[in-house]
Structure formats: structure tokens, C-alpha cells
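Notes follow the structure.
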Amino acid sequence: MNDHVLPETWRLRADIDLAALRSNVRALHERLSGGAQLMAVVKADAYGHGLVPCARAARAAGAAWLGAAMPEEALALRAAGDTGRLLCWLWVPGGPWRRAIEADIDVSVSARWALAEAVAAARAAGRPARVHLKADTGLGRNGCPPADWADLTAAARAAEVDGTVVVAGVWSHLARADEPGDPSIAAQRKVFDEALAAADLAGLRPEVRHLANSPATLTLPAAHYDLVRAGIALYGVSPSPEVGTPEDFGLRPVMTLRAWLAGVKRVPGGHGVSYGHRYTTPGETTLALVPAGYADGIPRHASGTGPVLVAGKWRTVAGTVAMDQFVVDLGGDTAEAGDEALLFGPGDHGEPTVEDWARATGTIGYEIVTRIGHRVPRVYHGELPEPVGAPS
């Protein structure tokens, strides 16, 4: 949906500023060191912003790679016409390996079983699989542990010789890059360098080595290697307060979430509000009903804490966030049904930001934007690019 085709009425919508996203890609490019390329991570429906429009905007702004977690995401990008370098990394046994290989999608391999499935799929497809070997350097999630790395790299090299595999990358992921200076960062870099040396000893010559996520892209040039994977920063949200604000890095928030009041009424003091009456009006006041709830991705943890700009002032969610709605207390101020409520955005009009919501609900900005549900329409502002591959 774009800004030229709008329904007659709105309850709630997420405005997506594609010009801001393209600007963020350019700002991130300016921070890259040593000739590193940029991967735009568009997993989880582009962190809630819309998979295909954001992927196209990132490509148009110069992103050489796209990154997806699930095979279905990567295949959807190919179906939408993307032809550039694309990595998909979260695989389970029996996944659509052959379809990915036939679609020229790079796949991640962390264990011998995954390598075996990639090899079998490559033989069935009649073309080699482009694989990225992932090392567990200390995060403890996916990735091959150091004790098994020599075996995996040797097997991968044998598959290269056999013509069923091309080892296109070696990579890992940082656990605490959002805490600049934490000793684990240097420790993981050391393990990663050892993994790279072992891969080289096994005869592997990967096209790209990559370790840096968004916080490392912003604060750790030594970790950029050949490629960085920019996720949350792409959407103008800070990885953490310790890293800095979006403004510190020339980034602009891409999503603005707004609703239109479904009702306004005067109530007496002592009036309970929403389920459980966790909020009771301290005196006669005006209540405004915001038609957004946890079915739309508004955290129930925002009950009593979530900030909203209504009638020119910050308000706080009064009482419990329900499935489809929540209430704010306007005090002595007035409003009317149909007036706008700004939940979060860039802050240009005094509205809260994603970071404000994260602080208010005890979570991180990533969760705030990615949980905005599919029943919330996305409206794309700015040019919607045509499908493109990697920049020339």
C-alpha cells in the first residue's frame, strides 16, 4: 500500500518512510571500513516494516546483500524479483534446500547434517550450493563449536572439490556488541580469527567474512571484515542506549505508528478503567479510547506505562491494554473522536519514539517494531522501487 491509495477511514496505521530507509543505508555505508559491503537484514517482515518494499529500497540505496532468517522469507524475495546476493541462515532438517539453491540463495551451514542436506540438494538441483559456514564464537546459539570446526571445514572443502558446494562465506554473530567495551567482544573476535585461519588451512577461500551486526557496524570498525549485517539500524532504531541514539549516527526512524480516537467521554472521579481496574480516575476527567491493542502488537506490558501523544501532550496508557484498544486519561484537556493519537515516530511532532516505548515496557526497540501485527496497514511514503539486484 502506498500513500496515493488510502482507505476512506483509518483505525490504526504504520507509516513507512522509504526515503528515511534509503538515507539510513547511505549513512551506514559511510561508516564502513576496509571496503566492507553492506547486508540489509530484512528478516521478520523487515523488522515489521514490510519485506519487499524495504528490501527494494535498501537495494536501490546501495545494499549489496540482503539477509533473511527463514527460507520462506528468502524465497519470497526471489518471487518478488530480487536477483542480488541473498543469505538465509536459519535452517532445520528437511528444509527447502533445493528450492533455495535453485533460486541462487546462499545458505548457512553450522553442522555436518546441514552440509549433508545442502550437498544432497545441490546434486538434485544440478548446481553447487553457495554456503556460509557459521562458527559459534561465544554466542551459544546456532554455529559450529570450535571443537567441531576442523571437521566441518574439511568436509566443506571436500564438497567443494566434489563440485557440490562453493564456500562463499565464513561468519559468526556477536553476543554483546550492544555493550561497547565488553570483554566478550574481543574474545569473540579472537575466536573468529582463529576460525578463519582454520578455514584457510583447510583450503577454503570464502568470498566474504562477516561478524558485525548493527551495533558493531556503528561502533566497531575492526569487526567489519568484508561484510556487515545491518538490521535494526537500517530502520533508524538504536540497538541500545549504550550504543547511542539514532541521531548520533545520522539515522532516522522509518516507522510512525498512529491511531485515530474511537471515543472521548467525561467520567467522574473513582471510575475504573479497563480490565482489572488497574487505573481509577483520581477525579472528574476525560478519557480517550485508542483503537489499538495487543492483537495489533501493542505490548500488554504497556499497561500503565506506554506513552502516547494525544491533544498535543504526552499521555500514559491508563489501565490495562486490551486486545483491540486502550485508554488514555486527558485530565482537563479535550479531544474528539477521530482526533489523531501518535504512538511513536521520529519525534518531529513531540511524539514518543520507539526507544521511549522500549524503556516504558522494559524491552528493546527491536521488539516494539517487529511485533506490530499484520492487521495494521503499512502505508509506504516515497518512491516504491522496482525489483533490483545488487548495485553495479
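Points to keep in mind about this one:
- Accessible surface comparison of ASP193, ASP136, ASP348, probe 1.4 Å, protein chains only, largest first: the order is ASP348, ASP193, ASP136.
- Translational diffusion of region 173-218 was estimated from the Stokes-Einstein equation, with Rh taken as the Kirkwood radius over Cα pairs; at 4 °C and 1.567 mPa s the coefficient is 112 µm²/s.
- Straight-line cross-link reach from LYS43 at under 29 Å between alpha-carbon atoms covers these lysines, not counting any fewer than eight positions away in the same chain: LYS134, LYS190.
- Translational diffusion of region 314-370, µm² s⁻¹ [Kirkwood Rh, Cα pairs; Stokes-Einstein; 25 °C; 0.890 mPa s]: 191
- Global form of region 179-300, assessed from the alpha-carbon gyration tensor, a/c cut-off 1.5: prolate
- Each of ALA197, ALA76, LEU90 was scored by the projection of its Cα onto the charge dipole of region 59-201, and the greatest displacement toward the positive side belongs to ALA76; charges sit on the C-beta of Lys, Arg, Asp and Glu.
- Shown in residue order for region 268-282 are the 3J(HN,Hα) couplings computed by the Karplus curve 6.51 cos²θ - 1.76 cosθ + 1.60 at θ = phi - 60°: x, x, x, 8, x, 10, 6, 4, x, 6, 6, 10, 10, 4, x Hz (x for Gly and Pro).
- Listed by chain and number, the lysines placed with their C-alpha closer than 21 angstrom to that of LYS265 are LYS313; residues fewer than eight positions away on the same chain are left out.
- Using heavy atoms of the protein chains and a probe of 1.4 Å, the accessible area assigned to THR164 is about 10 Å².
- In order along region 90-99, the Karplus-derived 3J(HN,Hα) couplings, from 6.51 cos²θ - 1.76 cosθ + 1.60 at θ = phi - 60°, round to 10, 10, 10, x, x, x, x, 4, 5, 4 Hz, and Gly and Pro are given as x.
- Each of MET70, MET39 has its accessible area taken with a 1.4 Å probe; listed largest first, they run MET70, MET39.
- Cα centroids of region 211-250 and region 253-308: 34 Å apart.
- For the chain, share of DSSP beta bridges that run antiparallel, in % to the nearest 5: 50
- Cα shape, region 252-392, gyration tensor, a/c 1.5 rule: prolate
- Gap separating the Cα centres of region 348-367 and region 49-87, nearest whole Å: 27
- Counted by Cβ distance under 9 Å from ALA125, the other residues give a net charge of +3, where Lys and Arg count +1 and Asp and Glu count -1.
- Taking all protein chains together and rolling a 1.4 Å probe, LYS43 ends up with roughly 70 Å² accessible.
- Axial C-alpha extent at least 15 Å, average Kyte-Doolittle at least -1.0 - helices from the chain (DSSP): 18-31, 112-125, 146-162, 183-201
The values are calculated or read from the model by the stated rules, or taken from the named source; none is laboratory data. Since this is a predicted model, take the numbers as computed values, not measurements. In this analysis, Cβ positions are derived from the backbone assuming ideal geometry, glycine residues included, and neighbour counts consider all displayed protein chains. These area figures cover heavy atoms from the full protein model, side chains too; ligands, DNA and RNA do not enter into them. Shrake-Rupley method; radii C 1.70, N 1.55, O 1.52, S 1.80 Å.
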